[in-house]
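Beneath this line is the structure, given in structure tokens, with notes to follow.
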Amino acid sequence: MYAYVGLAAALVLLLLLHKARRWRNPRYDGGRLPPGSMGFPVLGETFQFFSPDASFDIPAFIRHRLARHGPIFKTSLVGHPVVVSADEELNHMVFQTEGQQFQSWYPDSFVEILGRDNVGEQQGAMFRYLKNMVLRYFGPESLKEHAGIIRDVELAVSTSLCTWSTLPAVDLKEAVSTMVFDLAANKLLGLKPSRSKILRKSFFDFVRGLISFPLYLPGTAYYSCMQGRRRAMVVLEQILEERKQSTKLQQAGGGKGEHRGDFLDCLVQEITKEKPVMTERMALDLMFVLLFASFHTTSLALTLAVKLLADHPLILDELTVEHETILNGREAGSEKDGITWKEYKSMAFTSQVINETVRLANIAPVIFRKALKDIQFKGYTIPAGWGVMVCPIAVHLNPDIYPYPLTFNPSRFKDKPDISRGSKHFMAFGGGLRFCVGADFSRLQLTIFLHFLVTKYRWISVGANRVVRSPGLEFPDGYRIQIVQRD
């Protein structure tokens, strides 16, 4: 009897080993799969992907596999087969053939974080509809035509810098996040700082666990992230309902409604139409994603820019000269006027500094898509239904494309073709149809902040101020600075 039990156990073990081997090294009848391992059954290589890396370089998960397999390899993340691409030609093809060969896709755990009706989950006409709605408020033409947006950014920046200069030291990452969030909440939802403070805390909790192993248990970063989202959505639902009621009063002629002209007004108009194109849930998820994207990406880029400038005084001097030249070139009596659109567009070196900052920041280290059909590329097959993980960071830190890639060198963008809309070698704001709709607003905020900072203040870094990737950019100890007004 024991012999039969032992034999059965051995057979089960052999079967499991065979299954595991087939999982790690799958075959595909439609062609040759890229090299790489699928890791453990179900889990894949998820643990390795989310492992923190105390380095500013390409995350270890990607770096080690690039060295072993080349720029295209396969893996499995949170239960999904994925082809990872550090190949600029494949990345470009993925972005440019949306709706034909690829479509936007993210793993289920990430979709839960951003909402199942978020703009990233929308395809075709619905996505274009939502994109155009946002661009009407935050696209380049709107920013150019509405000087009030520039004035609002200037007021937020000047007030914040003045306050910070009275403190012994400030955690710039935390302070900038607060400044940018309150500005975004005001422009999107019409919120005053006192109201946005409650919402801001929920978003900060959300961001801390955004890129973490998707284990929904109390005490985990992912659990904290999801709880932050839940609390934020409760507040957003209240804000939306209040605005709907206010709009009804206005339409009824009660005199109590107030048309603010912000993005929330636009959303309310859309969802209260007789035949609305978007649902209320879509509107809420859009509000959530726009708030998150508005403050998280911009605050990280701003913090890194200030650190890099502090670490490179010659570059800081050149940037300061550009902005002082603009001030000195103004007509008598207008020295204290705000930045004009013409001045903003003339800041060539500032644009180079921003390009170099976001190249190094790689705030979105990976971008997901899904193959709609079998794709043949350089002798490999990407099966239909597989995910594709585009890795901008692997391109941005490729020494064959950017010599000495970890060196902060804004002049590498001097006299180069305009890349503000992205290129094969520059994907800081994505690419193709889904190029970031907030890119122009983010650049505007970065420019105005740097203008006030270098012309009116001096600062020094305080403490270690480490920068790591986990796999996204992080300041684990914060970034503390002392800031003082210039004489």
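Assorted remarks:
- Evaluation of VAL268 against (1) touching a Leu at 6+ places or on another chain (Cβ under 9 Å); (2) touching a residue at least 40 places away in the same chain (Cβ under 8 Å) (one fails), failing number: (2)
- GLY209 vs. criteria surrounded by 14 or more Cβ atoms within 10 Å (Cβ to Cβ), at pLDDT below 90 and among the small types (Gly, Ala, Ser): yes
- Only one entry of GLY387, GLY379 meets the criterion of being under 23 Å from the mean Cα position of the chain (by Cα) and of a type in the set (Gly, Ala, Ser), and that entry is GLY387.
- Of all residues in the stretch 434-453, those satisfying the criterion of being among the small types (Gly, Ala, Ser) and either more than 30 Å from ARG151 (Cβ to Cβ) or not in a loop (DSSP other than H, G, I, E, B) (or both) are ALA439, SER442.
- Just one of the listed residues (ALA384, ALA348, ALA371) is among the small types (Gly, Ala, Ser) and over 27 Å from ILE62 (Cα atoms), namely ALA348.
- Filter result (small (Gly, Ala, Ser) and buried (at least 19 other Cβ atoms within 10 Å of the Cβ)) within the stretch 365-384: ALA371
Residue by residue, here is whether (1) surrounded by 15 or more Cβ atoms within 10 Å (Cβ to Cβ); (2) over 29 Å from GLN482 (Cα atoms); (3) at pLDDT below 85 holds:
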{"site": "TYR106", "(1), (2), (3)": "yes, yes, no"}
{"site": "ARG136", "(1), (2), (3)": "no, yes, no"}
{"site": "GLY139", "(1), (2), (3)": "yes, yes, no"}
{"site": "SER142", "(1), (2), (3)": "yes, yes, no"}
{"site": "GLU145", "(1), (2), (3)": "no, yes, no"}
{"site": "ARG151", "(1), (2), (3)": "no, no, no"}
{"site": "ALA156", "(1), (2), (3)": "yes, no, no"}
{"site": "SER177", "(1), (2), (3)": "yes, no, no"}
{"site": "ASP182", "(1), (2), (3)": "yes, no, no"}
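- Reported count of residues in the stretch 168-192, each being without any contact (Cβ under 8 Å) to a residue 24 or more places away in the chain and either outside any helix (DSSP H, G or I) or β-branched (Val, Ile, Thr) (or both), is 2.
- Scanning the stretch 67-85 for residues that are of a type outside the set (Val, Ile, Thr), touching a strand residue (DSSP E or B) at 6+ places or on another chain (Cβ under 8 Å) and within 17 Å of PRO34 (Cβ to Cβ) yields PRO71, PHE73, LYS74, SER76, LEU77, HIS80, PRO81, SER85.
- Qualifying residues in the stretch 414-446 (those that are polar (S, T, N, Q) and in contact (Cβ under 8 Å) with a residue 12 or more places away in the chain) - the one surrounded by the fewest Cβ atoms within 10 Å (Cβ to Cβ): SER420
- Check on LYS197, under 30 Å from GLN227 (Cα atoms) and either in contact with a Lys or Arg (Cβ under 9 Å, 6 or more places away or on another chain) or outside any helix (DSSP H, G or I) (or both): no
- Considering the stretch 100-109, the residues that are outside any strand (DSSP E or B), of a type outside the set (Gly, Ala, Ser) and touching a residue at least 60 places away in the same chain (Cβ under 8 Å) include one that is farthest from THR279 (Cα to Cα), namely GLN101.
- The sole residue among ASN91, ASN118 that is at pLDDT below 95, among the polar types (S, T, N, Q) and crowded, with 19+ Cβ neighbours inside 10 Å is ASN118.
- Unmet requirement for VAL306, which otherwise passes all of (1) in contact (Cβ under 8 Å) with a residue 40 or more places away in the chain; (2) on the phi > 0 side of the Ramachandran plot; (3) of a type outside the set (Ser, Thr, Tyr): (2)
- Flag set for ASP400, criterion: out of contact with any Phe, Trp or Tyr (no Cβ under 6 Å at 6 or more places or on another chain), surrounded by fewer than 16 Cβ atoms within 10 Å (Cβ to Cβ), at pLDDT 95 or above and not small (Gly, Ala, Ser).
- Candidates ALA305, ALA310: the one that is surrounded by fewer than 19 Cβ atoms within 10 Å (Cβ to Cβ), in a helix (DSSP H, G or I) and of a type outside the set (S, T, N, Q) is ALA310.
- One residue from ALA364, ALA310 being modelled with pLDDT of 95 or more and under 30 Å from SER212 (Cβ atoms): ALA310
- Candidate set from the stretch 448-481 (those that are surrounded by fewer than 18 Cβ atoms within 10 Å (Cβ to Cβ) and polar (S, T, N, Q)); member that is farthest from SER299 (Cα to Cα): THR455
- Residue check, TYR223 at pLDDT 80 or above, assigned to a helix (DSSP H, G or I) and among the hydroxyl-bearing types (Ser, Thr, Tyr): yes
The values are calculated or read from the model by the stated rules, or taken from the named source; none is laboratory data. Nothing here was measured: the structure is a model prediction, and the numbers come from that model. In this analysis, Cβ positions are derived from the backbone assuming ideal geometry, glycine residues included, and neighbour counts consider all displayed protein chains.
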